[in-house]
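Scroll down for the structure; my scribbles are underneath it.
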Ligand SMILES: Cc1ncc(COP(=O)(O)O)c(C=O)c1O
């Protein structure tokens, strides 16, 4: 994995060049498009600082990246300059972070991880319908009980049946006996086509599903399945902290991956990223999107080109080495939390490559959790876990203050 760090000047030059390659609502003849620049009373485009601020300038110019621009066909010609940056971004993430072969990945910058996950389910459901004439009763979606709520949400929207695999309550791994039973029963009940989702990593525990043990079972049973990876949380950290990651496109079992910029990458909300092997995006084509040049392949439709720019900028200002260093720093801070919990004999779950520590709720008072804004596994009924997510703002001083309070609480209850 390697991409070179760029200087701020190089980044600005490239992005202002891209903007100049878009057709501009201010200076070109654009009569038929129901879009325009941001309100000029509030967001005036001659503010002096804008000449050094390509992201803000792109926000104000307001390019609409509707559609998918990696597929080689036609795209909205007005915004060709910034679409090219998005194309470069998808190739960069697919090929460098997730080791795809050159030109083998399609994708787009989605509103978030939720849409990217549902986009995958939508594509695979349509593929089974179109290529195999699958009926509703023949398709089953499978994921673990620790998965994000976008899975049941997507199954509900798309009317896909689902089976939820229980996990071991200590190490959060899939219960493979239960998976076997679910698959055998599903087959007996006429299920023929499977949409399987693995996590890298789960929202509450930061657990990373053991993808090989799961695909081995699916393969042994000779199932027709598509495997999507929910890397909304772990996508920007795991490939950098675990050099042996199986969550990559050289693993031919994987068809698509979700990652979120607006978590660890610190890009603005609206930067979920959807990556999929070429040849599959077409199953999400809306033929009726007649007014869109190149048609639409996404759930959301209109989306801001500025978001794609922001993700590209952040990746370029750090370079792969800078980003690896930054993610290692989060891991070291997380290690430190775990060592301190060990010293206090407090049980927790943690994947060593992920920056989440999930602490047994029996050892944390609700007052302490509220004071330090730990997040609970649930807010209705009894809580079992509280998590600390070591985001970039969680610095050593903040961690120290939590432990001062935790140790004082332990002293008081002795
Ligand atoms: C594992 C996982 N998947 C999906 C999502 C959904 O992401 P978004 O809120 O960007 O839609 C989240 C958000 O926390 C997540 O942690």
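The values are calculated or read from the model by the stated rules, or taken from the named source; none is laboratory data. This one's a predicted model, so the numbers in the text were calculated from it and none came from an experiment. We place every Cβ from the backbone using ideal geometry, glycine too, and count neighbours over all the protein chains shown.
Quick grid of which residues meet (1) in the same structural domain as residue 226 (by TED's automatic domain parsing); (2) loosely packed, with under 15 Cβ neighbours inside 10 Å; (3) closer than 30 Å to residue 133 by Cβ:
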| site | (1), (2), (3) |
| --- | --- |
| 270 | yes, no, no |
| 281 | yes, no, yes |
| 307 | yes, no, no |
| 324 | no, no, no |
| 335 | no, no, no |
| 359 | no, no, no |
Here the qualifying pairs (Cβ atoms under 8 Å; residues six or more apart or on different chains; first in region 198-226 and on the phi > 0 side of the Ramachandran plot; second assigned to a helix (DSSP H, G or I) and within 15 Å of the ligand (Cβ to nearest atom)) come out as 206/234
Report whether or not residue 278 is touching a strand residue (DSSP E or B) at 6+ places or on another chain (Cβ under 8 Å) and away from the ligand (no atom under 16 Å from the Cβ). yes
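Give the number of residues within region 112-147 that are part of a loop (DSSP other than H, G, I, E, B) and either away from the ligand (no atom under 16 Å from the Cβ) or farther than 20 Å from residue 215 by Cβ (or both).
4
Hey, could you check region 370-401 for residues that are assigned to a helix (DSSP H, G or I) and in contact with a helix residue (DSSP H, G or I) (Cβ under 8 Å, 6 or more places away or on another chain) and say which is surrounded by the most Cβ atoms within 10 Å (Cβ to Cβ)?
Among those residues, the one meeting the criterion is 399.
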Residue 71 vs (1) touching a helix residue (DSSP H, G or I) at 6+ places or on another chain (Cβ under 7 Å); (2) buried (at least 21 other Cβ atoms within 10 Å of the Cβ); (3) outside the structural domain of residue 309 (by TED's automatic domain parsing): all pass except (2)
Exactly one condition in (1) within 19 Å of the chain's Cα centre (by Cα); (2) over 25 Å from residue 324 (Cα atoms) is not met by residue 79; state its number. (1)
Out of region 197-227, which residues are touching a helix residue (DSSP H, G or I) at 6+ places or on another chain (Cβ under 9 Å), over 25 Å from residue 3 (Cβ atoms) and within 16 Å of the ligand (Cβ to nearest atom)? 197, 198, 199, 202, 206, 227
Got at least one residue in region 236-253 being in contact (Cβ under 8 Å) with a residue 60 or more places away in the chain, under 15 Å from residue 117 (Cα atoms) and surrounded by 19 or more Cβ atoms within 10 Å (Cβ to Cβ)? no
So which residues in region 338-360 are closer than 28 Å to residue 246 by Cα and in a strand (DSSP E or B)? 348, 349, 356, 357, 358, 359
With the requirement that a residue be surrounded by fewer than 22 Cβ atoms within 10 Å (Cβ to Cβ), assigned to a loop (DSSP other than H, G, I, E, B) and either in contact with a strand residue (DSSP E or B) (Cβ under 8 Å, 6 or more places away or on another chain) or in contact (Cβ under 8 Å) with a residue 60 or more places away in the chain (or both), what does region 51-64 give you? 62
Identity of the residue in region 65-85, over 15 Å from residue 301 (Cα atoms) and touching a strand residue (DSSP E or B) at 6+ places or on another chain (Cβ under 6 Å), that ends up farthest from the ligand (Cβ to nearest atom): 71
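So that you can scan it fast, the table gives a plain yes or no per residue for (1) in contact with a helix residue (DSSP H, G or I) (Cβ under 9 Å, 6 or more places away or on another chain); (2) within 20 Å of residue 223 (Cβ to Cβ); (3) in contact (Cβ under 8 Å) with a residue 60 or more places away in the chain; (4) crowded, with 23+ Cβ neighbours inside 10 Å:
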site: 103; (1), (2), (3), (4): yes, no, yes, no
site: 106; (1), (2), (3), (4): yes, no, yes, yes
site: 112; (1), (2), (3), (4): yes, no, yes, no
site: 123; (1), (2), (3), (4): yes, yes, yes, yes
site: 130; (1), (2), (3), (4): yes, yes, yes, no
site: 146; (1), (2), (3), (4): no, no, yes, no
site: 155; (1), (2), (3), (4): yes, yes, no, no
Could you count how many residues in region 77-101 are surrounded by 21 or more Cβ atoms within 10 Å (Cβ to Cβ) and outside any helix (DSSP H, G or I)? 2
Some residue of region 39-48 being over 15 Å from residue 309 (Cα atoms), assigned to a loop (DSSP other than H, G, I, E, B), within 24 Å of the chain's Cα centre (by Cα) and not assigned by TED's automatic domain parsing to the domain that holds residue 311: no
Could you pull out the residue among 266, 250 that is in the same structural domain as residue 213 (by TED's automatic domain parsing) and within 16 Å of the ligand (Cβ to nearest atom)? 266
One residue is enough: does region 388-398 have a residue meeting the conditions over 28 Å from residue 326 (Cβ atoms) and either at pLDDT 95 or above or in the same structural domain as residue 235 (by TED's automatic domain parsing) (or both)? no
Check residue 89 against each of (1) assigned by TED's automatic domain parsing to the domain that holds residue 235; (2) more than 20 Å from residue 267 (Cα to Cα) and name the one condition it does not meet. (2)
For region 284-300, which residues satisfy the criterion of being under 19 Å from residue 87 (Cβ atoms) and part of a loop (DSSP other than H, G, I, E, B)? 285, 292, 293, 294, 295, 297, 298, 300
